[in-house]
Amino acid sequence: MRMIDEYIVNFPFDLQLFADEGNTGEKTEKATPRRVEEARKKGQVFKSSDLNSAVILMAGSVTIFITLPYMIDTLKSFTQFCLIDRSIYEFSNEYLSILFVEVLITMAKCLVPVLGITSITALLVTYLQVGFVFSGEVLTPKLDRLNPVEGAKKIFSKRALVELAKSLFKVTITGYIVYSVVNKYYLMFARLVDMELAASIIVLSQVVYEMALKVGVAFIIIGVLDYLYQRYEYDKSLKMSKYDIKQEYKQTEGDPMLKSRQRQIQRDIAMKRMMAEVPRADVVITNPTHFAVALKYEAEIMAAPVVVAKGQDFVALKIKELAHANSVIVVENPPLARTLYAAAKIGDVIPEELFQAVAEVLAFVYKQKRIVL
């Protein structure tokens, strides 16, 4: 036991950090913008396929109903053309090739408007739900997708049960709508045998259009509810624990302790640089115990004296010690010292209103230096 205790004590890893990483806490916090953005880069977005299908169904049904007269006229013209103009040609391979091309052109005339509208609608609805997202990660093959255990879990998961309930509900709604519409027009179906083909097609198209419209409206309502549910599940899947948020903050903003240490190092460097300027100063003006401001003035290159160092309490004491050690004259002038400390930063020229007071101090300093010399 003693050997085990010594091994644990001397273990090179931070056990507390390891414990924190193993237990990240309950995920109760809303996902941060960075977490959401990372999920989008991985292709993890939410959308309702039911809403897409419903809107496409509505768009396709409306387009077909609007373009139906055009389709009928196009098919009628093609039929007349084949029966009248093409009947004089000999049936051959060349004739079949020409006829095949003409059939494709006729089909394109009828279907391109519908396919174009539905394609544009599908892209627009998808874009409105998820925006523009391009991620190659979803195309990367993953072996866990072939895991039968994980596949079985998905079959009996909560999402699978919800999808099953939606499918059963849609089948029920569709069956009821079809039954109600057929029941509404069942007397008209017996009269179709007495109508011309074009009139029969128009009547049937109106019945089918009414079915599609009602089914589309019902599916759009289901799609909106599914969209809200998908968003709820998506937000829930991205929730974070307080530990996760703390770790993300450390990754983006940096560890607070490390940043504090960096700021301390920067302050130390700035302090050393400032103290290095004290021996080159012309004068140090003191409070005498609370403030110290070191000034330097070179008439050839400076318009006015410059503050090269300043400090309060302990720093002020160090500035005075350096000044005495390097034969820099120290002048006690409490009002001027306090005013300079508050009004000027290190490297700044002294304020204009203090020119006269500082000039008197510098004159005294220069006089003292001449006496010494």
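Each reported figure results from applying straightforward, stated rules to the coordinates on display, with no laboratory input. What you are looking at is a predicted structure, and each value in this text was computed from that prediction instead of being measured. For neighbour counting, all protein chains shown are included, and Cβ atoms are generated from backbone atoms with ideal geometry for every residue, glycine included.
Which order do the peptides 358-366, 277-285, 73-81, 191-199 come out in when sorted by mean C-beta neighbours inside 10 angstrom, highest first?
On the way: 358-366: 15.8, 277-285: 20.6, 73-81: 13.2, 191-199: 10.7.
Ranked from most to least packed, the peptides come out as 277-285, 358-366, 73-81, 191-199.
Taking the Cα centre of each part, how many Å lie between the range 160-177 and the range 234-304?
65 Å
Label His290 and Val193 with points 7 Å out from Cα along Cα→Cβ: what is the distance between them in nm?
11.4 nm
Take each of the peptides 60-69, 230-239, 181-190, average the number of other beta-carbon atoms within 10 Å over its residues, and list them starting from the highest. Write down the numbers at each step before the final one.
Values: 60-69: 16.6, 230-239: 14.1, 181-190: 11.6.
Ranked by mean Cβ neighbours within 10 Å, highest first: 60-69, 230-239, 181-190.
For the range 259-372, take the convex hull of the Cα atoms, compute a quarter of its surface area, and give me that in nm², please.
Details: hull surface 29.9 nm².
Computing the convex hull of the Cα atoms and averaging its projections yields 7.5 nm².
According to a simple spin-label model (label point 7 Å from Cα along Cα-to-Cβ), what is the distance in nm between Ala342 and Val182?
9.4 nm
With Cβ to Cβ distances under 12 Å as the rule, what net charge do the other residues near Leu354 carry (K, R +1; D, E -1)? If you can, show how the numbers build up before the last one.
Working: positive: Arg338; negative: Asp348, Glu352, Glu353, Glu360.
Value of the local net charge: -3.
Measure up Lys246/Lys310; Lys41/Lys259; Lys345/Lys369 against 31 Å on the Cα-Cα distance and list the ones that go over. Write out the running numbers ahead of the final one.
Details: Lys246/Lys310 39 Å; Lys41/Lys259 29 Å; Lys345/Lys369 27 Å.
Going by Cα-Cα distance, Lys246/Lys310 fall outside the 31 Å limit.
Points 7 angstrom from Cα along the Cβ direction at Val162 and Leu104: gap in nanometres?
4.5 nm
So if R0 is 25 Å, what FRET efficiency would Ala363 and Ala325 give, r being the distance between their Cβ atoms, rounded to the nearest 0.05?
Working: r = 25 Å, r/R0 = 0.98.
Once the sixth-power term is evaluated, E becomes 0.55.
Which of the pairs Lys27/Lys242; Lys250/Lys272; Lys158/Lys236; Lys170/Lys236; Lys42/Lys166 have their Cα atoms more than 19 Å apart in this structure? Numbers along the way, then the final one.
Working: Lys27/Lys242 7 Å; Lys250/Lys272 30 Å; Lys158/Lys236 13 Å; Lys170/Lys236 26 Å; Lys42/Lys166 28 Å.
Over 19 Å Cα-Cα: Lys250/Lys272; Lys170/Lys236; Lys42/Lys166.
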